[in-house]
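The values are calculated or read from the model by the stated rules, or taken from the named source; none is laboratory data. Keep in mind it's a predicted model, so treat the numbers as computed, not measured. Glycine gets a Cβ as well: all are built from the backbone with ideal geometry, and neighbour counts include every protein chain shown. Just so you know, the surface numbers come from the protein's heavy atoms only, side chains and all, with ligands and any DNA or RNA stripped out. Shrake-Rupley method; radii C 1.70, N 1.55, O 1.52, S 1.80 Å.
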Amino acid sequence: MSILKIAIQKSGRLSESSRKLFEECGIKITNGSGSLKVIAGNFPVEILLLRDDDIPQYVEQQVADIGIVGENTVCEKKKDVDLLDQLGFAGCRLSLAIPKDEAYTGPEFFMNKKVATSYPVLLGEYFASGNINAEIEELSGSVEIAPGIGLADAICDIVSSGSTLITNGLREVETIMKSQAVMIANRNISGDKKKILEKLLFRMRAVRNARENKYILLNAPEVAVKDICRILPGMKSPTILPLAEKGWCSLHSVVKEDEFWERIDQLREAGAEGILVIPIEKMIL
Ligand code: ATP
Ligand code: MG
């Protein structure tokens, strides 16, 4: 029987969320022995624990069939892989930053400057598109200290909160790309493995949908039901149940997390009371 080989980061900013995603999909991965290869107990997958930089290459060469990695790494490595899904975690951006007291008027600042980065390909493309002639100093890590020790005039690195930049006396001035964790796949996955992959993607989307939606219950006078149904379309349409008290009913539906507060205000105006909002564990459309 076929086994789908999945590469995830061994330890770092992607590893915990990647493991959690599999757990929520009902796939148990335990590697008590510290092994780099783990077979899931209850689903035909094998997890390879690797450095994130190597994942696009391993997926291209089919050492792994699929992988979870940052979009920034996929774009930098330029490997021939399919991008299947954005996973909604490890959000960050690739940005240029300069010493905080330097004046900045635009990208021409970087003309004839030395910029330290672990992303020479993406930075090179950015400078080329703006006809900026700058020197790129490639470093494999701790890029943010380069200006402080006189190794470079500026840096190009991954930023999320920006606190590392502030600690190192730097100021973010341009964003080159936005990124989040993505699922990549080899371009020639066989029929059997494709079936396993489809099952896995189905489960992942159910988890993602659940995260992005809430279950909502409320009471309303019957006269308000028409208006409330317009505010709460739900997956098909809301469930309406009569209450013991005459002239009142209970409505059940699903709302999107990002529209949630706006909907609540509209519902209260329409006459809804006793509103309960409950997290959804899995949601299959
Ligand atoms: P490895 O040892 O596996 O090579 P690493 O040090 O290269 O690890 P991490 O720092 O764990 O990598 O980051 C992995 C990915 O997490 C990044 O490529 C990026 O997509 C994402 N990420 C999200 N937020 C941040 C952040 N604040 N700093 C760095 N990476 C971040
Ligand atoms: Mg790395």
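Quick notes
- On inspection, GLN86 passes the criterion of being touching a strand residue (DSSP E or B) at 6+ places or on another chain (Cβ under 9 Å) and within 16 Å of ligand 1 (Cβ to nearest atom).
- In this structure, LEU122 does not qualify as closer than 30 Å to LYS5 by Cβ, of a type in the set (A, V, I, L, M) and loosely packed, with under 14 Cβ neighbours inside 10 Å.
- For region 1-56, the tally of residues that are touching a Lys or Arg at 6+ places or on another chain (Cβ under 9 Å), away from ligand 1 (no atom under 16 Å from the Cβ), of a type outside the set (Phe, Trp, Tyr) and under 19 Å from LEU87 (Cβ atoms) stands at 9.
- When residues of region 36-59 are limited to those that are within 21 Å of the chain's Cα centre (by Cα) and charged (D, E, K, R), the one farthest from GLY141 (Cα to Cα): ASP54
- Answer residue from region 125-158, given it is free of Cβ contacts under 8 Å to residues at least 12 places away in the same chain and more than 18 Å from LEU170 (Cβ to Cβ) and is least open to solvent (accessible area, probe 1.4 Å) among those: ALA128
- Residue that is aliphatic (A, V, I, L, M) and closer than 29 Å to GLU281 by Cα, where the choices are LEU83, LEU50: LEU83
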